[in-house]
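Report on the structure given below.
The values are calculated or read from the model by the stated rules, or taken from the named source; none is laboratory data. None of these values were measured; they are calculated from a predicted model. Cβ coordinates were reconstructed from backbone atoms using ideal geometry, including for glycine residues, and neighbour counts include every protein chain displayed.
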Amino acid sequence: MPRIRRSPAAGAFLDGVNVAALSLMVLVIYQLGRASLVDIKTVLIGVISGFILFRFRINSAWAVLGGAIVGWILSAGK
């Protein structure tokens, strides 16, 4: 890979692939966020989950499970 990276044409191509992949990821994150963060409860669950993930470096599966439990509890109160 380092030898391919040194080639000007291949290096430019790989840079373009990286930018395209990052652009697609940002677009998908934006679309998922718009579809799932629909009220204050979901926004708070998302913000708190993000904080816990980045602060304590827990496995994201635990954040999904915790968010599901909190969402279930909040929806049961209706």
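Number of residues in the range 1-34 that are over 30 Å from GLY46 (Cα atoms) and of a type outside the set (Val, Ile, Thr) equals 15. Entry remark, the range 48-78: residues being exposed (fewer than 13 other Cβ atoms within 10 Å of the Cβ) and under 15 Å from LEU32 (Cβ atoms) number 3 in total.
Beta carbons closer than 6 Å, at least 6 apart along the sequence or on distinct chains, pair a first residue in the range 30-58 that is aliphatic (A, V, I, L, M) with a second that is assigned to a helix (DSSP H, G or I) and surrounded by 10 or more Cβ atoms within 10 Å (Cβ to Cβ) for LEU37/VAL43; LEU37/GLY46; ILE45/GLY67; ILE45/VAL70; LEU53/ALA63.
Only residues that are among the β-branched types (Val, Ile, Thr) and over 16 Å from GLY50 (Cβ atoms) were counted across the range 27-40, and they come to 2.
Summed over the range 12-39, the residues that are among the aromatic types (Phe, Trp, Tyr) and either within 30 Å of ALA68 (Cβ to Cβ) or in the same structural domain as GLY50 (by TED's automatic domain parsing) (or both) give a count of 1.
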